[in-house]
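*Asks:* Before I ask anything, here is the structure I am working with.
The values are calculated or read from the model by the stated rules, or taken from the named source; none is laboratory data. Quantities reported herein were computed from a predicted structural model and do not represent experimental measurements. Cβ placement follows ideal geometry from the backbone for every residue including glycine, while neighbour counts extend to all protein chains displayed.
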């Protein structure tokens, strides 16, 4: 008996109960039938519940099958990676896409050396595939800037606002032109590609690694060399690429802001003076970082108070990355980043031209563009006598500030009779 049949019988019993001639014996019989119906419905619901559980288990098995299938596909993908790595090892030619290089630049991480791991006592436990790094590390500025993929572009123009629209007061039905109001002004920051060629060396013993490990190591070394050169370009630029200190728009106007000082002395007020030169009239500017040399950082740390001779500035390096940290001056806490590509203010000498030194601003205001893949070639001929492989790479990059006065450049004034001129 199904649910539909039970429903119909219930309706018939309901009509029978409404009859005035029904007897007590019949009412007792109807009550028994209703109890039977409830038992039958309970069994029907129980069967439905069991079917639902079986269906769920079947679906789960199906999903497990899909996972196993995707795992097998993953194994096929690994085989494809192995073939690709083998090709790199045999031909010595590799390409890193702009997207992959972008991740390598923008992610805050260091590439570790690749070791050969083996439990076989009959073979060496380690291959000497590395040239040991010195204590010098790359400035973290490269991990702070904005990085974009411009593959396919010959160059890129980034519009930015120089000044906003000014409002004015008026009376109803008495509109007059006012010189107090002004239209917004805009600029274009051109990002033009420049060719970077980088060269680095690695032990030829790396060829004893598996193809995948070989490819990983070559890629890591090549990207490290690229990052080292890009740090210099971000700060200083060159003849075709704009850096923070050379940033200009298409009208040849500076995009950065200069803070001109008359002396190379770092004093108890230097930090606050720089901080208050950044930002608009109603703000100090957010997310700003002070970029300076290690020499200037030491100069900040050496400043003492006049009475108690305690340090004015409290310098705290970040644990795990001593390239960055904070400088605390009372209630002012400023993030800093050491960059050896800058000129030290504390030791700069006045000359016939101004000297650009420290930088202060939000690093996201600088846009670094990657114009295509990074091509790498490996040769064993150049440093044969030292048993080294030569890794030569080429890539097109460009950059510029994309925010008006997005950085303050601390500049030591040139020798002038007029003396200091703070702008």
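*Asks:* Has region 381-393 got at least one residue that is out of contact with any strand residue (DSSP E or B) (no Cβ under 9 Å at 6 or more places or on another chain) and either surrounded by fewer than 20 Cβ atoms within 10 Å (Cβ to Cβ) or under 19 Å from residue 277 (Cβ atoms) (or both)?
*Replies:* yes
*Asks:* Got at least one residue in region 352-361 being over 26 Å from residue 263 (Cβ atoms), in a strand (DSSP E or B), assigned by TED's automatic domain parsing to the domain that holds residue 209 and touching a residue at least 40 places away in the same chain (Cβ under 8 Å)?
*Replies:* No - not one qualifying residue is present in region 352-361.
*Asks:* Within region 18-28, how many residues are exposed (fewer than 11 other Cβ atoms within 10 Å of the Cβ) and assigned to a helix (DSSP H, G or I)? If you could, list the steps in order and put the result at the bottom.
*Replies:* The first filter runs over region 18-28 and keeps only residues exposed (fewer than 11 other Cβ atoms within 10 Å of the Cβ), leaving 18-21, 23-25, 28.
Keeping just the survivors that are assigned to a helix (DSSP H, G or I) gives 24-25, 28.
Within region 18-28, residues that are exposed (fewer than 11 other Cβ atoms within 10 Å of the Cβ) and assigned to a helix (DSSP H, G or I) number 3.
*Asks:* Could you please find all residues in region 252-291 being free of Cβ contacts under 8 Å to residues at least 12 places away in the same chain and touching a helix residue (DSSP H, G or I) at 6+ places or on another chain (Cβ under 8 Å)?
*Replies:* Scanning region 252-291 gives a single hit, 284.
*Asks:* Going through 202, 191 one at a time, which residue ends up being under 29 Å from residue 159 (Cβ atoms), surrounded by 17 or more Cβ atoms within 10 Å (Cβ to Cβ) and in the same structural domain as residue 387 (by TED's automatic domain parsing)?
*Replies:* Exactly one residue qualifies, and that residue is 191.
*Asks:* Sticking with this structure for a sec: With touching a helix residue (DSSP H, G or I) at 6+ places or on another chain (Cβ under 7 Å), at pLDDT 85 or above and either within 24 Å of residue 394 (Cβ to Cβ) or part of a loop (DSSP other than H, G, I, E, B) (or both) as the only criterion, which of 206, 142 stands out?
*Replies:* Values: 206 fails: at pLDDT 85 or above.
When all the criteria are applied, what remains is 142.
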